[in-house]
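Written below as structure tokens is the structure these notes are about.
The values are calculated or read from the model by the stated rules, or taken from the named source; none is laboratory data. Since the structure is predicted, the reported quantities are computational estimates derived from the model, not experimental observations. Please note: Cβ atoms are built from the backbone with ideal geometry, for glycine as well, and neighbour counts cover all protein chains shown. For the accessible areas, the whole protein counts, side chains as well, though only heavy atoms, and no ligand, DNA or RNA atoms are used. Shrake-Rupley method; radii C 1.70, N 1.55, O 1.52, S 1.80 Å.
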Amino acid sequence: MTPRLNLVILGIQGAGKGTQCKRLAATYAIPHISTGDILRAAVKSGSALGREVSSVLESGALVSDELVNRLVQDRFTQPDAGRGGLLDGFPRTIGQAEALEVMLGDDGIKLCINLQAPIELVTRRLSSRRVCQECGAIYTDTDVEAISGTCSNCGGDVVQRSDDQPEAIRTRLETYERDTAPLLDFYEARHLLEQVNGDQRPDDVTRAIEAVVHARELT
Ligand code: ADP
């Protein structure tokens, strides 16, 4: 059996993980597994899970390890994850990273890419970000789609995420420093970490990530 391609994309909020993951998932034919997207979809659907997590998401704090670990475990049992997955927004704590190792067993994480971006840049990106509620397309506040409120890709509503408000942005960035930054050492110690500069044009970031994946002979 071909080994699975399990990749983790780490990086502070606004570093560009979502944008890159959409492209990489298509290139490597593996599903983009974003716990943030899964949780937001649950909130939107009004399910029991969505009702449980909606206020936590709005505040910018993290939901429990136990809950997200379960969501990711379930996601990996779906057929499209048979070749692996591209993890975005998970793991976010050491507890989640340890749970992921247990979940994946021997055919585990092959590479962790840290998308680096300075704090001023990400703060600016997050506060001007607008997203399509239907297809997830990302715009900035000066784009015509953001001004009109209509997505040019699918016609869905383009809105500001509730956690892209200043107070929640602050909470998310603090939470990142406290809970998620320690994962860099976790993956470095396992010789799985590669750094990529996220402060360049999206196409150049994509090329840089692909070069790293190629250099490790993962494809
Ligand atoms: P961002 O990384 O820009 O904050 P995400 O879309 O990845 O946004 O996540 C949105 C929210 O969903 C987080 O602020 C948090 O409340 C919740 N969330 C997502 N992934 C996790 C996770 N792995 N552990 C705990 N909470 C999570």
*Report the residue, chosen from 54, 127, 64, that carries the largest GNM mean-square fluctuation when the chain is represented by alpha-carbon nodes joined by springs under 10 Å.*
64
*Among residues other than residue 30 whose Cβ falls under 9 Å from its Cβ, what is the net charge (Lys/Arg +1, Asp/Glu -1)?*
+1
_Viscosity 0.890 mPa s, temperature 25 °C: what is the translational diffusion coefficient of segment 60-162 from Stokes-Einstein with a Kirkwood Rh over Cα pairs, rounded to a whole number of µm²/s?_
150
_the chain, relative contact order in percent, only Cα pairs under 8 angstrom and at least six apart counted_ = 28
*May I ask you to give the percent of accessible area on the chain that is carbon plus sulfur, with a probe radius of 1.4 Å?*
51
*What does the charge count near residue 127 come to, summing +1 for each Lys or Arg and -1 for each Asp or Glu among other residues with Cβ under 10 Å from its Cβ?*
+1
*Residue by residue, what Karplus-based ³J(HN,Hα) values in Hz, rounded to whole numbers, does segment 117-134 have, using 6.51, -1.76 and 1.60 with θ = phi - 60° and x for Gly and Pro?*
8, x, 4, 5, 5, 5, 4, 5, 4, 5, 6, 9, 6, 10, 10, 7, 5, 8
*Directionally averaged shadow of segment 1-55, computed from the convex hull of its alpha-carbon atoms, nm²*: 5.4
_Quick check: with the 1.4 Å probe, what order do 53, 159 take by accessible area, largest first?_
159, 53
*With point charges of +1 on the Cβ of Lys and Arg and -1 on the Cβ of Asp and Glu, referenced to the Cα centre of the chain, which listed residue (93, 46, 79) lies farthest in the positive direction of the dipole?*
79
*Is the chain rounded, prolate or oblate when judged by the Cα gyration tensor, a ≥ b ≥ c being the square roots of its eigenvalues, rounded requiring a/c under 1.5 and prolate requiring a/b larger than b/c?*
rounded
*Select from 209, 138, 169 the residue whose mean-square fluctuation is largest in a Gaussian network model of the chain (Cα-Cα springs shorter than 10 Å).*
138
*Sorted from largest down, what three extents in whole angstroms do the Cα atoms of segment 125-182 have along their principal axes?*
39, 18, 14
*Taking the Cα centre of the chain as origin and charging only Cβ (+1 Lys, Arg; -1 Asp, Glu), how large is the dipole, in debye to the nearest 20?*
320
*For the chain, with every protein chain kept in place, what is the accessible area per residue (1.4 Å probe, Å²)?*
50
